[in-house]
Amino acid sequence: DAGVNYDLTFGTIKTGDSNAVERLRIDSNGDVLINRTSSVDVASTATSKLQVHHGAGNISAAFYSNANALGPGGVLALGHSRSTDAGVLQDDDVLGQIRFAGADGTDLETLGALISAEVNGTPSSNVMPTDLVFSTNAGSGSVTERMRINKAGFVKIGSGSPVSRLTVDGDIYFSNNALISNFDSNGVGGGNIDHIWHSD
């Protein structure tokens, strides 16, 4: 029937059960659903082709090999290409993201935190200049960049690109041998450093 959508389902029967329990479904859109009969939007990824739902909600990947004891272990590989397998990315394109979301009483879409890998520069053969960006939600409807490790290994605490090995927006405070540093908005230029020694 051309007017009806059909799903393909897989079930199992445990000892003592009389009926099969559905474990996996391939729906009419080609989405693979484990322990769920319909797609759900988690962290604004409703189009995910693989969705795993369970009381524990875990996905495991383990690596077993004597031939390569120093191998990569379990791997989560995230990639991005423009249009084709070799469609070259551009500056600011996102290679991949790890998104964290929690139910807010309405849905599972709102992000609590985000880790993103972003192109910083012009990719070429075997060259992919990339920044790693960490963002959190301070209690609003969106996440805000909190720290960036750029392609050169420089770190910025705050938002934007670092201008030195470590760039900090605002003050730094250590509670024991206290160091309080006052930087300008760019983390450099005219900042004062005060050393405060505590005997305890």
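The values are calculated or read from the model by the stated rules, or taken from the named source; none is laboratory data. Given the structure is predicted, the values throughout are model-derived calculations rather than measurements. Cβ atoms come from the backbone with ideal geometry, glycine included; neighbour counts cover every protein chain shown. Accessible surface areas use protein heavy atoms only, side chains included; no ligands, DNA or RNA. Shrake-Rupley method; radii C 1.70, N 1.55, O 1.52, S 1.80 Å.
Given a Förster distance of 35 angstrom, what is the FRET efficiency for D17 paired with S81, based on the Cβ-Cβ distance and rounded to 0.05?
Values: r = 45 Å, r/R0 = 1.28.
Approximately 0.20, to the nearest 0.05.
More than 19 angstrom separation, counting every C-alpha pair in the range 54-145; what % is that?
On the way: 2523 of 4186 pairs.
Tail fraction, whole percent: 60.
Per the Cauchy relation, a quarter of the hull surface: what is the mean projected area of the convex hull of the alpha carbons in the range 3-45, in nm²? Let's see the in-between values first.
Values: hull surface 16.6 nm².
Its average projected convex-hull area is 4.2 nm².
Report the Cα centroid-to-centroid distance between the range 139-169 and the range 74-124 in angstrom, as an integer.
17
I'd like the carbon and sulfur percentage of the solvent accessible area for the range 79-128, probe radius 1.4 Å, heavy atoms only, ligands and nucleic acids excluded.
Working: 1610 of 3200 Å².
C and S atoms contribute 50 percent here.
Can you tell me the accessible area per residue over the range 66-167, all protein chains present, probe 1.4 angstrom, in square angstrom? Spell out each step's value before the answer.
Working: 6440 Å² over 102 residues.
Here the per-residue accessible area is 63 Å².
Rank these by accessible area, largest first, 1.4 Å probe: I59, I34.
Details: I59 135, I34 55 Å².
I get I59, I34, largest accessible area first.
Given the Cα-Cα distance of L24 and T47 and 0.36 nm per residue of separation, how much length would full extension add, in nm?
Numbers: separation 23, 0.36 × 23 = 8.28 nm, distance 1.71 nm.
Contour length minus the Cα-Cα distance gives 6.6 nm.
What is the extension gain from N5 to A62, computed as 0.36 nm multiplied by their sequence separation minus the C-alpha to C-alpha distance, in nm to one decimal? Before the final figure, lay out the partial values.
On the way: separation 57, 0.36 × 57 = 20.52 nm, distance 3.63 nm.
Residue separation times 0.36 nm, minus the Cα-Cα distance, leaves 16.9 nm.
What are the aspartates and glutamates whose alpha-carbon lies under 15 Å from the alpha-carbon of K49, with same-chain residues fewer than 8 places away excluded?
Of all the aspartates and glutamates, those that pass the test against K49 - Cα under 15 Å, at least 8 places apart if same chain - are D7, D27, D31, D41.
Relative to the compact globular guide of 2.2 N^0.38 Å, what is the alpha carbon radius of gyration of the range 3-88, as a ratio? Can you show the working numbers first?
Numbers: Rg = 17.7 Å, N = 86, 2.2 N^0.38 = 12.0 Å.
Here the Cα radius of gyration is 1.48 times the empirical estimate.
For T12, what is the net charge nearby, where nearby means another residue's Cβ is under 15 Å from its Cβ and Lys, Arg count +1, Asp, Glu -1? Working shown, then result.
Working: positive: K14, R23, R25; negative: D17, E22.
Here the count lands on +1.
Pull out the extension gain between S164 and R36, defined as 0.36 nm times the separation in residues minus the alpha carbon to alpha carbon distance; nm, one decimal. Mind dumping the intermediate values first?
Details: separation 128, 0.36 × 128 = 46.08 nm, distance 4.84 nm.
Separation in residues times 0.36 nm, less the Cα-Cα distance, equals 41.2 nm.
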